[in-house]
Amino acid sequence: MRTIVRILGVMVAIPLAALGILWLFGERWRPIRRSTLVWFRSAGLKRLPQALHGYVYGRWSNQYIGTALGQIQPHERRFQHNSADHYHGKVLPHDLARQFVMLDHDIDIPDQEQVIPYPVARDVVIRNPQAIAIYDCPCRSTRETPCLPLDVCMIIGQPYVDFLTEHNPKSTRRVSQSEALDILEAEHHRGHVHTAYFKDAMEGRFYAICNCCKCCCGGIEAMVKSGVPMIASSGFVAQIDPDRCAACGDCEAACPFDAIHVNGTAVVDTDKCMGCGVCGVSCDLEIPILVRDVRKPLPLDLAALEASPRV
């Protein structure tokens, strides 16, 4: 009896799977949005599970992030560490974040384990970088009293821009590079962290620059409160001249990573410091500066990486 049931199960599963493939990849299936077809074709059959996960995340971002932050992340450390393997970011100082927004050509820089130290993100790949969309931040949108404005997440390149603008037209809009630079500048002056995010739905590709506040960002919260390595260092650390420091405490209050403490003068915990530069923005005297820390991963400097010889 069990054998018959198994045979019947296979007989049902095979045509259903075939119909599913036709539904996803069929050229003439009009009800499927074009960006959905491009999304799954770009991922390929080998990465279909990751593409399905990315589809759910992109299609219902607020619900996905809201559930993760409210129901799962506070109680399940396994989920937190699994998230760090599949969805993760790298801090960008302001000048390096501007490189992404100003990029005018496709980029493909492989094998960057020293830059992006994650299991699934090794390549910096951007297709059609002048396609930029601004997206309501899911982390902010799901908080009861979010930081404003909400529309601060930058989606860069294809197929991400078409997918999100087509599936989330109320919360996503296309912008020019100059508009994106203005938003980046405004977030920088608000003391928010630029973070390049990567996701494994498309071979671990870069897809967004998030402008993260310590109040709402799920990645920063997981890192600071639970020690989950969801964000990699920029490759820099803050340096403060004790002879010039007024010990006002502004940098301590502003630091998203709890890396600065004032005791007579401001002291930087270089192990915790992610090199975002927020402390420098908060200081009226502009005393904190970023310096390269060779113990940290290499900076995600597009110009330097493109100019470096390929092995």
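Couple of notes before you dig in:
- Within the range 162-182, no residue satisfies the criterion of being out of contact with any helix residue (DSSP H, G or I) (no Cβ under 9 Å at 6 or more places or on another chain) and surrounded by 16 or more Cβ atoms within 10 Å (Cβ to Cβ).
- Matching residues, the range 224-241, being on the phi < 0 side of the Ramachandran plot and over 14 Å from the mean Cα position of the chain (by Cα): 224, 225, 226, 228, 236, 237, 238, 239, 240, 241
- Of everything listed in (1) under 25 Å from residue 102 (Cα atoms); (2) touching a strand residue (DSSP E or B) at 6+ places or on another chain (Cβ under 8 Å); (3) in a helix (DSSP H, G or I), the single unmet condition for residue 186 is (2).
- Beta carbons closer than 7 Å, at least 6 apart along the sequence or on distinct chains, pair a first residue in the range 40-65 that is of a type in the set (Val, Ile, Thr) with a second that is modelled with pLDDT of 80 or more for 65/138; 65/139; 65/142; 65/218.
The values are calculated or read from the model by the stated rules, or taken from the named source; none is laboratory data. Just so you know, these numbers come straight off a predicted model, no measurement behind them. Using ideal geometry, Cβ is built from the backbone for each residue, glycine included, and neighbour counts are taken over all protein chains shown.
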